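The values are calculated or read from the model by the stated rules, or taken from the named source; none is laboratory data. From a predicted model like this one, the values you see are computed outputs, not experimental measurements. Please note: Cβ atoms are built from the backbone with ideal geometry, for glycine as well, and neighbour counts cover all protein chains shown. Accessible surface is based on the protein model in full, side chains and every heavy atom, while ligands, DNA and RNA are left aside. Shrake-Rupley method; radii C 1.70, N 1.55, O 1.52, S 1.80 Å.
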Amino acid sequence: MNLFVFLALSAFVGGISLFAAYLQVAKSPEPEYSISGPFTLRKILFFLAWATPVMLFFVVWAITTVNIPYQDDIDAILESTSAIAEGTGSIREFWSALSKQDDERRIVVVRLVACVMYWISGSIDFRMIALVGICSYLVFLKLVFAWFRSEPNLSLVLLLPVPYLLFSNFNYVALYQAMVPLQHIAVYVWGFASIWLVARNTRTGLIWGAALGILSVYSDVTGIFIGPVVAVMLLTRRRWLAATFWILLFGSVATSYFNGLVMPDFRPTFAQNLASWPDMLLIAVAMPGMIADVFLEGSPILRLICAAGAGVVSLSLVGVSAFRFGGKLVREREAITPNQWWLAGCILFLMITFFAFTFGRAANGANSILLSRYKHMFAFWAIFNYLLMLQLPLFQRMAQRYLLILQAAALIYFGGSYFQTWGDMIYLRKTIQTDAYGWTKNREFPSAPIYIAVKKTVDSIFENALKNSIYQFPELPFDCLKQAKVRGTSEIVVRTADFIVVGAEVPDVRCSPDDGIYLIIHSDDEIHILPMRLRRNTFLRFLRTGRYYAGYCESMAMLRQYLSKNKKYKLTLGVISGSNRYLLTTGKELSTG
């Protein structure tokens, strides 16, 4: 990461954001933020501050994403699309290909999007599949915007911190695996949109809400929870006919969804989860506070303790709000606004999700909630907590008065997410590319040892897709290292047991997506390329030295089984830094028995 570029970009984004917040606090009366009317500096800066994190998020994603399936994408997307492309004789066979079980769920929407893309363009682009799912963030942002616009006592300027929470990069892993955005991000957004429409209390809202609810269900199994959440809302509001329609519809959908669905063997049983009750309790308290998990290099236990502390605060806020909501429900049910119903429904939806995760993954350990791919759940939860607090008159006044501080905190959270995750995100990118290289050259997936057990199936999926031009591997940046010149030597540390791991000191490299260091394991007729994971400097050291990466790196671990028997392999390091591409010899060799 270039120091000048990072600081210049930070100054630009931060300057716009904080100056916009300052203008809102410093001047009155509050302007109407509508598209029509004169565009004053105050209004322009507000829209720029609101849109900048969104644009930066999509630009970074577009620069760094790759058109390569990653692990579950192969059987989840490529296999079903290939089957449909080869021809399904009936609608029943077509539906069977779309709804085939994937782990413990059905991901019909992901597969349908892939098929539509194939029918339109003649091939699959995994980046575009992910992009469709990521764009659901914009739908959620529109819902929050509409919520603010319909709150008569709230200034729209209090919306400013929301995009900085939503479009942070803490959940980068969820953005680079093609199936996950449409599955694990969009399922929440469609659910939130469904609750929003039903909360409007109109017949049209109920019909379209049901449609989005079904879309949520067939995005991921989590969408099933929309059924009981909306049913409770309708019954509480005494909309008997609408509740009957909803229960019958979603009862039928759930019955169809779970028909023939079996729990995979690799998921822990209910008894195993209950036996892990300390982890279960920690997960239950920490999940609502995971927005506080911002120090990614801290020890897992300290991260969980911080999250648990924040979780107690969050659950207290939700508990107080639920008590106030219940009191209002008893005294003056008709006075509860659609916005308040939406907040209550969305929070209940997320709480049921957290509850299911707690009872379904406790045996995997509390550390499982620290994974990057789940971070968007906690961003949604934090935003709803923020909206809950804005329902309290005291916090409204404080947020309005101290908007500059609030915005500065959101900005630090946003910038810190990119700084902390950039190196790991680029390593993930290289991992995906290495898998593609490994399969095309050696029929291997270095990042997935389980591939050995499913080799026949995976190879068949890829071979059929390539033969029928359903998908083609893109060019890989490190392919050119085979022809690069040797420019020196490097000392390395080699560890070999079941896995091969090599450590080395880091030469000076830049931080563009293709820049990095690669371990090359090669013989006269065989070559394997593995990315090296580079450690990053602390922020203060980064400012002092201008270097994002620190001094030591280790290669991805590769199974010894991937190497041919009775062979000698040389170990070489390949370096890409901008236009410089060169090799460093190590003088080390590997022998296989």
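Brief remarks on what is shown
- Translational diffusion of region 262-301, µm² s⁻¹ [Kirkwood Rh, Cα pairs; Stokes-Einstein; 10 °C; 1.306 mPa s]: 129
- Between A178 and Y70, the built amide H atoms are under 5 Å apart, and every one of these is 5 or more places off in sequence or on another chain.
- Highest to lowest packing among 531-542, 207-218, scored as the average C-beta count within 10 Å: 207-218, 531-542
- Residues R239 and E86, FRET efficiency given R0 of 60 Å [Cβ-Cβ distance, rounded to 0.05]: 0.80
- Listed residue (H184, M389, G516) projecting farthest to the positive dipole end of the chain, Cβ model: M389
- Fraction of accessible area attributable to carbon and sulfur, region 218-281 (%, probe 1.4 Å): 70
- Summarised as an ellipsoid, region 282-384 has semi-axes of 29, 13, 12 Å, derived from the eigenvalues of the Cα gyration tensor scaled by 5 and square-rooted, with the largest first.
- Cβ-based charge dipole, the chain, positive-most Cα from W50, L466, G423: W50
- Those residues of region 362-392 whose amide nitrogen sits under 15 Å from the label point placed on A275, 7 Å along Cα→Cβ: 362-365
- FRET efficiency for the pair A211 and I450, taken as 1/(1 + (r/R0)^6) with r the Cβ-Cβ distance and R0 = 41 Å, rounds to 0.65.
- Backbone N within region 568-593 under 17 Å of label point (7 Å from T489 Cα along the Cβ vector): 570-574, 583-590
- At a probe radius of 1.4 angstrom, the accessible area of region 67-189 per residue rounds to 32 square angstrom.
- Per residue accessible area in Å² of region 217-347, where ligands, DNA and RNA are left out and the probe is 1.4 Å: 52
- In the chain, the DSSP-assigned H stretches of four residues or longer account for a calculated mean residue ellipticity at 222 nm of -18500 deg cm²/dmol, using -39500 (n - 2.57) per stretch and the full residue count as denominator.
- Nonpolar atom fraction for region 434-545, defined as the carbon and sulfur part of the 1.4 Å probe accessible area, stands at 50 percent.
- Paramagnetic reach from T592 (point 7 Å along Cα→Cβ, amide N under 17 Å) across region 481-510: 495-502
- The charge dipole of the chain, taken about its Cα centre with unit charges on the Cβ of Lys, Arg, Asp and Glu (plus for the first two, minus for the last two), comes to roughly 1180 debye.
- When only the Cβ of Lys, Arg, Asp and Glu is charged (+1, +1, -1, -1), the dipole of region 47-130 relative to its Cα centre reaches about 280 debye.
- Per residue, the convex hull spanned by the Cα atoms of the chain measures out at 181 cubic angstrom.
- Take the Cα of F355, step 7 Å toward its Cβ, do the same at R200, and the gap between the two points is 2.9 nm.
- In this rough spin-label picture, where each label sits 7 Å from Cα along the Cβ direction, the E297-R397 distance is 4.3 nm.
- Euclidean distance between Cα centres, region 269-303 to region 515-563, Å: 30
- Between F499 and R333, the simple spin-label model (points 7 angstrom out along Cα→Cβ) gives 5.7 nm.
- Taken over region 109-235, the alpha-carbon convex hull comes to 122 cubic angstrom per residue.
- Listed residue pairs exceeding 20 Å between alpha carbons, taken from K485/K567; K441/K565; K142/K328; K485/K588; K485/K570: K485/K567; K142/K328
- Cα gyration tensor category, rounded, prolate or oblate, for region 472-593 with a/c compared to 1.5: prolate
- Full-extension gain in nm, F94 to V320, via 0.36 nm per residue minus C-alpha separation: 76.5 nm
- Remark on region 325-383: Rg and Dmax equal 15.5, 45 Å (Cα only).
- Shape call, region 443-497: gyration tensor on alpha carbons, a/c limit 1.5: oblate
- Whole-number accessible area per residue in Å² for region 403-524, which is evaluated in the context of all protein chains at 1.4 Å: 45
- Using a probe radius of 1.4 angstrom, the carbon and sulfur fraction of the accessible surface of region 58-109 is 54%.
- Cα-only Debye scattering, region 44-162: base-10 log of I(q)/I(0) at q = 0.15, 0.20, 0.22 Å⁻¹: -0.80, -1.06, -1.20
- Based on the Stokes-Einstein relation at 20 °C and a viscosity of 1.002 mPa s, and on the Kirkwood radius from alpha carbon pairs, region 353-408 is assigned a translational diffusion coefficient of 157 µm²/s.
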